[in-house]
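The values are calculated or read from the model by the stated rules, or taken from the named source; none is laboratory data. Note that this is a predicted model, so its numbers are computed, not measured. Counting neighbours? That spans all protein chains shown, and the Cβs are built from the backbone with ideal geometry, glycine included. Calculation scope for accessible area: heavy atoms of the full protein, side chains included, ligands and nucleic acids excluded. Shrake-Rupley method; radii C 1.70, N 1.55, O 1.52, S 1.80 Å.
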Amino acid sequence: MAIDSRLRALRTTVLPASPAADTRRPDADGSARAAVAPLGTVLLADTTDDLELQRVAVRLALEPEGIVVLPDGDYVGFTPLEFDTALAADIARSGLFVQLLSPTAGRKGKGFAAPLPQLQFQRAQEARLPIMQWCERLPDKDQIGDPAHAGLFDTEFLRVTHLAAFKAEIIERLRAERARRERVAATAQMLPTAARTHRKLVFLDDLASLPVVSGRLRTIIREQQFDVRGLPPSAPLGNDGIDVKELLRPCRAGITIYADRSKYATAYNRLVYFLNQVAENSLEVERWGVYLEQGTVASEFGIESDDVVAVDEDGLGEFLRGL
């Protein structure tokens, strides 16, 4: 199933067409249809064995719409560290978390704190990723022996409906989100050029922060006459999400806050992603600061560079004045 899903994803990838190229591609029956524009990226959570067919059905419904479905395979057989790293990377790329539920809680792997359905939901919530859950019918109170698994059926994200309606709702939600992003982008293009280019900006990534820390740092940044750019908590990264290079282009510097140490994998993956955007697109971001309460950028993230430096509240003002 993993190989089949991967091949389907490759088939739906939109490639740049040369002037003489045929913009249609053959289906399995040999017919041709127009390439589907990317619509979004969905993290489709691993399920228990009794829902594997439904999970495949959701994947096969989403991919022809131009929706990238993660992960390519599944997380089964991973060690806890491998699971945390892979899931954090997939969450960072995704714009929506989709989970299918049944009364079966699933097995808890060696070294894991809980079964995969519970862990995946927890990580998506911690990353503030939009969530959609599905079950065919609500289980009886005595049908689930694991209270934590029973809690998955008591959320604001749960849809109790037949699977076809749920698949259609996912697609419509992503279409609406893309339309919203296009409206925002069009509005930004209409702003006067002077308003876009003559203000000092700093990019702030506070997904791995704590509210009190983020608030204090934002106050210091404003005191230094900088405006703050950032990403909404649910914003997907990558080609089908926010155009990060354009978001960073007018910024003089970037700052990553790493205060919530339970989000190490998320902070690391996002930091590397942003630094790659700066390097690959030759952006004029002069320096990148990493707020750390202990350690150094090298000891915490393995990054050694004169342009990627640790900052704290006392040194943030000097960091900004040096730009």
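Points to keep in mind about this one:
- Screening Arg249 on (1) open to solvent by less than 10 Å² (accessible area, probe 1.4 Å); (2) closer than 24 Å to Ala89 by Cα; (3) of a type outside the set (Asp, Glu); (4) out of contact with any Ser or Thr (no Cβ under 8 Å at 6 or more places or on another chain) shows it passes everything except condition (1).
- Residue within the stretch 87-105 that is aromatic (Phe, Trp, Tyr) and more than 12 Å from the chain's Cα centre (by Cα) present: no
- Segments classed as helices (runs of 4 or more DSSP H), wholly inside the stretch 225-323, with at least 1 members that are free of Cβ contacts under 8 Å to residues at least 60 places away in the same chain, within 21 Å of the chain's Cα centre (by Cα) and closer than 30 Å to Ala185 by Cα: 244-248, 264-280
- Exactly one residue out of Ser282, Ser262 is under 22 Å from Arg128 (Cα atoms) and small (Gly, Ala, Ser), and it is Ser262.
- Among (1) in contact (Cβ under 8 Å) with a residue 40 or more places away in the chain; (2) over 17 Å from Ala45 (Cβ atoms); (3) touching a helix residue (DSSP H, G or I) at 6+ places or on another chain (Cβ under 6 Å); (4) open to solvent by 30 Å² or more (accessible area, probe 1.4 Å), the one test that Ile144 misses: (4)
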